[in-house]
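A.B. asks: Following this message is one structure expressed as structure tokens.
The values are calculated or read from the model by the stated rules, or taken from the named source; none is laboratory data. Quick caveat: nothing in here was measured; it's all calculated off a predicted structure. Neighbour counts run over all protein chains shown; Cβ positions are idealised from the backbone, glycine included. Protein only, heavy atoms only, side chains kept; ligands, DNA and RNA dropped before computing areas. Shrake-Rupley method; radii C 1.70, N 1.55, O 1.52, S 1.80 Å.
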Amino acid sequence: MRKPVIAIDGYSSTGKSSISKIIAHKLGLVHLDTGALYRGITYFALNNCLGEDGKINLEELFMRFNEIQLEFKPIDTELVMFLNGQDISTEIRTNEISQNVSLIASQKEVRDFLLDAQREMAKKGGVIMDGRDIGTVILPKADFKFFLTASVEERTKRRFLELRSLGFETDENTVRENLISRDKTDSERAVAPLKKAEDAIVIDNSNFTKNQTIDLILSHLTYF
Ligand code: C5P
């Protein structure tokens, strides 16, 4: 039997990636965290395409796409993000990346650049992909679609703890402001905005543990 394609979209810090990773492990699927791709491009831009004003020069970034090779490499049981052969999995989690990524992700050129690669990764099935536009644009024919949401307070707490566990100094206010601003930019952009697919199952996990959310998703995956 062909393995399923599962799309998990939703707001920032609703646990999409960590939940998808565990479900992938349980069901023998490949997990693709598409946010890491946008973060990888942002990392490249901040390191290579700054204008004299200290801001990212988008035109320069678009001209240099051919210098960007993003890859997920399997290391232990995880897929780790590499940019041009360098492991950037920790670097892409900084506040600086989080504060710039939504601008980068709102560019049509960037989304076009990443579109085919994402579809190609899901072609053979057996994939759980998380992001913002997976159920609506990247994989509209996914077998199962979920849309995760949670209160801003709960999401702030989760992201703050995640960043601290990675060794980053930050405070809850900075984290909260960033979540709110990213959700706004992601929802309002013209190209592939963050939006629930019509046929997606909505899960508000404000009062759920990670395991409860996982169990709820698994309960919907009927033909396993
Ligand atoms: O999932 P994560 O929080 O790492 O995503 C970082 C950013 O990448 C999001 O805020 C959004 O701007 C962008 N993104 C996107 N489409 C996706 C995945 C992420 O626009 N499918």
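A.B. asks: Along the positive direction of the dipole of segment 28-71 (beta-carbon charges: Lys, Arg +1; Asp, Glu -1; about the Cα centre), which of Ile68, Asn57, Gly35 reaches farthest?
C.D. replies: Checking the options against the dipole of segment 28-71, the answer is Gly35.
A.B. asks: Turning to a different aspect of this structure: Report the FRET efficiency, 1/(1 + (r/R0)^6), for Arg64 and Ser181, where r is their Cβ-Cβ distance and R0 is 25 Å, rounded to 0.05.
C.D. replies: Working: r = 26 Å, r/R0 = 1.05.
Plugging the Cβ-Cβ distance into 1/(1 + (r/R0)^6) gives 0.45.
A.B. asks: Let me ask something else. Quick one: which residues, 5+ away or cross-chain, put their amide H under 5 Å from the amide H of Asp204? H built at 1.01 Å from N.
C.D. replies: Amide H neighbours of Asp204: Thr149.
A.B. asks: For Lys16, tell me the accessible area in Å² from a 1.4 Å probe, rounded to the nearest 10.
C.D. replies: Approximately 10 Å² for this residue.
A.B. asks: Non-local amide H neighbours of Gly10 (under 5 Å, H modeled in plane, Pro and chain starts lacking H): which ones?
C.D. replies: Gly131, Leu148
A.B. asks: While we're here: What FRET efficiency would be calculated for the residue pair Glu162, Glu71, taking the C-beta separation as r and a Förster radius of 41 Å, to the nearest 0.05?
C.D. replies: Once rounded, the FRET efficiency stands at 0.95.
A.B. asks: If I fit a long axis through the Cα atoms of helix 172-188 and take the longest principal axis of the Cα atoms of the chain, what angle between them do I get, 0 to 90°, rounded to 10?
C.D. replies: 80 degrees
A.B. asks: Counting other C-beta atoms within 10 Å, and keeping those with at most 16, which DSSP coil GluC sites (Glu not before Pro) do you find in segment 173-224? All intermediate terms of the calculation are to be shown ahead of the outcome.
C.D. replies: Values: sites: Glu177, Glu188, Glu198; in loops: Glu198.
For GluC sites (Glu not before Pro) across segment 173-224 that sit outside H, G, I, E and B with at most 16 neighbouring Cβ atoms in 10 Å, the list reads Glu198.
A.B. asks: Take every Cα pair under 8 Å in segment 50-138 that's 6+ residues apart, average their separations, divide by the length, and report that relative contact order as a whole percent. Mind dumping the intermediate values first?
C.D. replies: Values: 41 pairs, mean separation 12.7, N = 89.
14 percent.
A.B. asks: His31's amide H: which non-local residues (gap 5+, or another chain) put their own amide H closer than 5 Å, with H modeled 1.01 Å from N in plane and none for Pro or chain starts?
C.D. replies: Ile128
A.B. asks: Of all accessible surface on segment 73-209 at a 1.4 Å probe, what whole percent is carbon and sulfur? Each step should come with its number before you reach the end.
C.D. replies: Details: 3600 of 7100 Å².
Of all accessible area on segment 73-209, carbon and sulfur atoms account for 51 percent.
A.B. asks: Additional query: In whole Hz and in residue order, list the ³J(HN,Hα) couplings for segment 144-156 that follow from phi through the Karplus curve 6.51 cos²θ - 1.76 cosθ + 1.60, θ = phi - 60°; x for Gly and Pro.
C.D. replies: 9, 10, 10, 10, 9, 9, 6, 5, 4, 4, 5, 5, 4
A.B. asks: Now a separate question. Given a 1.4 angstrom probe, what's the average accessible area per residue across the chain, in square angstrom? Can you show the working numbers first?
C.D. replies: Working: 11300 Å² over 224 residues.
Result: 50 Å² per residue.
A.B. asks: What shape does segment 152-224 take by its C-alpha gyration tensor, where a ≥ b ≥ c are the square roots of the eigenvalues and a/c under 1.5 counts as rounded, a/b above b/c as prolate, and the rest as oblate?
C.D. replies: On the way: a/c = 2.66, a/b = 1.28, b/c = 2.08.
Oblate, because a/c is 1.5 or more while a/b does not exceed b/c.
A.B. asks: Moving to a separate point now. What angle do you read, to the nearest 10 degrees and between 0 and 90, between the alpha-carbon axis of helix 35-48 and the longest principal axis of the chain?
C.D. replies: Computed tilt is about 10 degrees.
A.B. asks: Between Glu78 and Leu216, 0.36 nm times their residue separation minus their Cα-Cα distance comes to what? Please report the intermediate quantities before stating the final value.
C.D. replies: Values: separation 138, 0.36 × 138 = 49.68 nm, distance 2.32 nm.
Extending this stretch completely gives an extra 47.4 nm.
A.B. asks: List the trypsin sites (Lys or Arg not before Pro) within segment 95-167 that DSSP assigns to loop and that have no more than 16 neighbouring Cβ atoms inside 10 Å.
C.D. replies: On the way: sites: Lys108, Arg111, Arg119, Lys123, Lys124, Arg132, Lys141, Lys145, Arg155, Lys157, Arg158, Arg159, Arg164; in loops: Lys123, Lys124, Arg132, Lys141.
Listed in order of number, the matching sites are Lys123, Lys124, Lys141.
A.B. asks: Across 5 Å bins from 0, what is the distribution of all Cα-Cα pair distances for the chain, in whole percents?
C.D. replies: Percent of Cα pairs in each bin: 1, 7, 15, 19, 21, 18, 12, 5, 2, 0, 0, 0.
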